[in-house]
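Every read-out reported here was derived from the displayed coordinates using simple, explicitly stated rules and does not represent laboratory data. The structure presented is a predicted model; accordingly, all values stated were derived computationally and were not measured. Cβ placement follows ideal geometry from the backbone for every residue including glycine, while neighbour counts extend to all protein chains displayed.
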Amino acid sequence: MHVLGISGSLRKEATNRKLIREAARIGGASTYVEADLNLPLYDGDLEAAEGIPASVQALADQIKAADAVII
């Protein structure tokens, strides 16, 4: 099972990140990836002119590919 973790904290050793990793381990994840949430603020004008930012599309692709998402 491929699990994607999305933490509300970006700190490397944040408690939320540790809890998500442990939940994935207990749940039997065969692969675990933490999402990169260094995303730009939403700007509809920029999206209309340039499309969806690459980092946002990468997160959407990760969510789509995951069997489970832990937030």
Q: Consider only pairs whose beta carbons are under 9 Å apart and that are at least six residues apart or on different chains; among these, list those whose first residue lies in the range 8-32 and is within 13 Å of VAL69 (Cβ to Cβ) and whose second residue is exposed (fewer than 11 other Cβ atoms within 10 Å of the Cβ).
A: ILE20/ILE71
Q) Across the range 52-71, what is the number of residues that are surrounded by 10 or more Cβ atoms within 10 Å (Cβ to Cβ), without any contact (Cβ under 8 Å) to a residue 24 or more places away in the chain, under 17 Å from GLY5 (Cβ atoms) and not acidic (Asp, Glu)? A) 3
Q | Search result, residues across the range 10-51 that are surrounded by 13 or more Cβ atoms within 10 Å (Cβ to Cβ), within 16 Å of the chain's Cα centre (by Cα) and not in a strand (DSSP E or B) | A | ALA14, ASN16, ARG17, LEU19, ILE20, ARG21, ALA23, ALA24, ALA29, ALA35
